[in-house]
Amino acid sequence: MCTVTGHICPVLLAETLALCHSSAMIKMALQEEPAPGNVKVTRSDWINLALEVLIADGVESVRILPLGERLGVSRSSFYHYFNSRQDLLDRLLEHWRDTNTKAIVERANRPAETVIRGVMNVFECWADERLFDPRFDFAVREWARRSDEVRAIIDAADNERLDAIRNMYQRHGYSEEDAFIRARVLYYMQIGYYVLDLKEPLEARLSHLAAYLRSFTGLDPTKADVEHFSAFVMQARKRSTAAA
């Protein structure tokens, strides 16, 4: 937190956390899956490794044999859980929708006393990579450059996210057009920061929360608003540090 202003910039905070803790990512929850015979790994193990490879090397590197070699198992383990490579890729996309998109939609739909608190609910996704993993999002967007089907899935997810944010603004009295444009500005600017991969000093990212909230809502946040989100950010950083 900036010792001068006490403000935190949520639009840039996710990059800050990513730089400090680049090993964090949204993984499949461990499941209780019986492993018959000599099967040594679970379905989640396959998906989590595939996720790591997708983020690090792209979708073309998500291949059955190399994944099996890294897991120390044979192809039979893979086919116990998946019908084909495409089945595994479909599960990755399903996981992406159930994490990155679901988090934004859920936060935007949360009840909030004011529009400023509503916007801060959405900001939580940028501040906590347990909710929204920007590298996972970027990897899927890169994948979409090679697949019209994935491009359609990306477009649908972007529309779902934008609709949720727009509806949040409308619930707080903004006109349909104003809510639509404000939602686009908020969402597209954040995605743009990820795409540009900005590498700014931490200090430069921690000073403009009040100004961002004013820009996104047209209203001045209270000191309590700033302190509320600042506390959330500090907790997110502690969790991220503990998990590293």
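Derivation of every value follows stated rules applied to the coordinates shown; laboratory data play no part. Predicted model, so just to flag it, every value in this text is computed and none were measured. Cβ atoms come from the backbone with ideal geometry, glycine included; neighbour counts cover every protein chain shown.
Shape class of region 132-171 from the Cα gyration tensor (axes a ≥ b ≥ c, square roots of the eigenvalues): oblate, since a/c reaches 1.5 or more and a/b does not exceed b/c. Count Lys and Arg as plus one, Asp and Glu as minus one, and take only other residues whose Cβ is under 12 Å from that of residue 89; the net charge is then -1.
Ranked by Cβ crowding within 10 angstrom, fewest neighbours first, how are 129, 142, 149 ordered?
149, 142, 129
Taking one quarter of the surface of the C-alpha convex hull of region 130-244 gives a mean projected area of 8.9 nm². Note that region 41-167, at 37 °C in a medium of 0.692 mPa s, gets a Stokes-Einstein diffusion coefficient of 208 µm²/s from its Kirkwood radius over C-alpha pairs. Here is the tail figure for region 119-195: Cα pairs spaced more than 14 Å apart come to 66 percent of all pairs. Over all distinct Cα-Cα pairs of region 35-100, the Kirkwood formula returns a hydrodynamic radius of 12.0 Å.
Comparing 138, 116, 168 along the charge dipole axis of region 104-171, the residue lying farthest to the positive side is 116, per the Cβ-charge model.
Compute the relative contact order of region 85-244 as a whole-number percentage, counting only Cα pairs closer than 8 Å that sit 6 or more residues apart in sequence.
So the answer I get is 25 percent.
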